[in-house]
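Each remark here refers to the structure printed beneath this line.
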């Protein structure tokens, strides 16, 4: 697996940047041109950051061409949610960010690091990342990785007026904070020092539409017609892992899906204590989203 770090220029992805980047590319813009600064209305470093996030969220391919996913979401003519007004769209973008693995910190955190813990410090995550990279015979500058961790936390954690020392107005524009996936707290360690901890726990995720979960299942090429519940809960890039769902939360989403598409070749069965989702018909992932956004 190839790991990629940096590229964001220390900027989180702001809520309006992806739409701005999409319109820029559709209008034949080029991030490498000096005119990009004027066309996008941001500084040079922010131009680079917008390009980075467009690729990281799977909206641009390696050649800076708009992807099908980007068109489905942002096309002003028939796109699902051009201005990202629905929380479902943010969940979709969160899913795409991890699946694309263009910003590796996000995939490593949700797929690997969280499996052993829900509470962590920056230092613990840094140590894990260094071991992960070392295992794959890769190398990266520690300051670069630390910067990625800081941007990652700022992307998901709603800033506090009382505690933060950064430009909180900027961080309140973060695309991902409305998902409410991350919390923070402080505690005293054995040496009497106050340490900041972060928490991403598995929950019911009531505001996560089951249709987005179904899309994520259909999008996974490794899944066959029968998928074990445990694979859907704990497997690599599974809905349970990416959306931080607990067992009850995932089961409720699957029950909803099976009930909604009853009689269309999808069932949730249990035999000898093993639960499985069986998809015998051919569902088209984009049709699922189209129907959801249409309503």
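The values are calculated or read from the model by the stated rules, or taken from the named source; none is laboratory data. Quick caveat: nothing in here was measured; it's all calculated off a predicted structure. Heads up, the Cβs are rebuilt from the backbone with ideal geometry, glycines too, and the neighbour counts pull from every protein chain shown.
Quick notes on this structure:
- Residue 233 falls short on exactly one of the conditions (1) exposed (fewer than 15 other Cβ atoms within 10 Å of the Cβ); (2) touching a helix residue (DSSP H, G or I) at 6+ places or on another chain (Cβ under 6 Å), and that condition is (1).
- Selection from the stretch 139-154 of residues that are more than 20 Å from the chain's Cα centre (by Cα) and either surrounded by 14 or more Cβ atoms within 10 Å (Cβ to Cβ) or under 27 Å from residue 239 (Cβ atoms) (or both): 140
- Inter-residue pairs, beta-carbon under 6 Å, first over 16 Å from residue 92 (Cβ atoms) and in the stretch 175-186, second at pLDDT 95 or above and assigned to a helix (DSSP H, G or I), 6+ apart: 182/156
- Some residue of the stretch 75-89 being assigned by TED's automatic domain parsing to the domain that holds residue 156 and in contact with a strand residue (DSSP E or B) (Cβ under 8 Å, 6 or more places away or on another chain): no
- The single condition among (1) in contact (Cβ under 8 Å) with a residue 40 or more places away in the chain; (2) buried (at least 21 other Cβ atoms within 10 Å of the Cβ) that residue 240 does not meet is (1).
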